[in-house]
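A short write-up of the structure that comes next.
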Amino acid sequence: MKGDPKVLEALNSLLADELTAINQYMVHSEMCDNWGYEKLHKSIGKRAISEMKHAEKLIERILFLDSAPVVNVLREIRIGSDVPKMFSNDHDSETAAIKAYNAAILLTGDAKDFATRELLEDILKDEDGHIDGIETVQDEIAQMGVQFFLSTQVG
């Protein structure tokens with residue numbers, strides 16, 4: 001089934017966002033592991049895996065629509081130098097992703113591609129969960145102070 005060119009362009013743009021997020025989150029996860037913050041390592045790693053699953057779904061859909069996924073395009077990867085900066089960068093990434101998914105959902109509706117729209121709506125729900133988790137950590141850091149918060153993330 002041949003997909004709408006504008007939908008395919010949007011899907012490949014979203015794929016670039018997801019591939020970028022995977023890289024950013026994996027580096028952040030491994031940095032936390034290196035610093036001994038095992039709980040953050042695991043939670044950020046799970047978010048990276050979730051983004052991998054999103055990328056896989058987008059690739060599957062692009063292939064289904066008789067197109068080729070573009071996997072060699074990445075956005076700017078923003079690595080934080082400390083935990084608060086990591087979460088600030090991750091928040092920015094998720095905010096941009098939510099905006100992009102909402103725009104793509106509107107586009108797929110206009111193109112009458114409701115199966116793709118449903119896929120994007122499912123991924124958007126996950127992205128909402130990601131930003132909620134990031135904001136929870138940011139709130140905890142603000143309320144506890146970064147030093148006390150980090151002491152709760154060891155082992």
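Read-outs throughout are calculated quantities, based only on the coordinates presented, and are distinct from any laboratory measurement. Computed from a prediction, not measured in an experiment: that's the story for all the values here. No Cβ is skipped: glycine too gets one built from the backbone with ideal geometry, and neighbour counts run over all protein chains shown.
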* Asked: Does region 1-107 come out rounded, prolate or oblate, given a ≥ b ≥ c as the square roots of the eigenvalues of its C-alpha gyration tensor, rounded meaning a/c under 1.5 and, failing that, prolate meaning a/b above b/c?
  -> prolate
* Prolate/oblate/rounded call for region 77-148, Cα gyration tensor, a/c under 1.5 rounded -> prolate
* Structure fact -> Dividing the helical contributions, -39500 (n - 2.57) per DSSP H run of n ≥ 4, by the residues of the chain yields a 222 nm value, nearest 500 deg cm²/dmol, of -28000 deg cm²/dmol
* Asked: To the nearest 10 degrees, how steep is helix 38-64 against the longest Cα principal axis of the chain, on a 0 to 90 scale?
  -> 10 degrees
* Asked: Can you list the HN-Hα couplings for region 117-129, worked out from phi with the Karplus curve (6.51, -1.76, 1.60; θ = phi - 60°), rounded to whole Hz and with x for Gly and Pro?
  -> 4, 4, 4, 5, 5, 5, 5, 4, 4, 5, 4, 4, x
* Only Lys, Arg, Asp and Glu count, each charged at its Cβ (+1, +1, -1, -1), so figure out the dipole size of the chain about its Cα centre, rounded to 20 debye. => 200 debye
* To do: Taking the Cα centre of region 82-155 as origin, work out the dipole magnitude from +1 charges on Lys and Arg Cβ and -1 charges on Asp and Glu Cβ, in debye rounded to 20.
  => 120 debye
* If each residue's Cβ is checked for other Cβ atoms within 10 Å, how do I44, I22 rank with the fewest at the top? -> I22, I44
* To do: Only residues of region 33-61 count here: report those whose backbone N is under 17 Å from the spot 7 Å along Cα→Cβ of T152, or say none.
  => 37-44
* Close Lys-Lys pairs in the chain, where close means Cα under 16 Å and separation is 8 or more or interchain -> 6
* Asked: What's the angle, to the nearest 10 degrees (0 to 90), between helix 5-35's Cα axis and the longest principal axis of the chain?
  -> 20 degrees
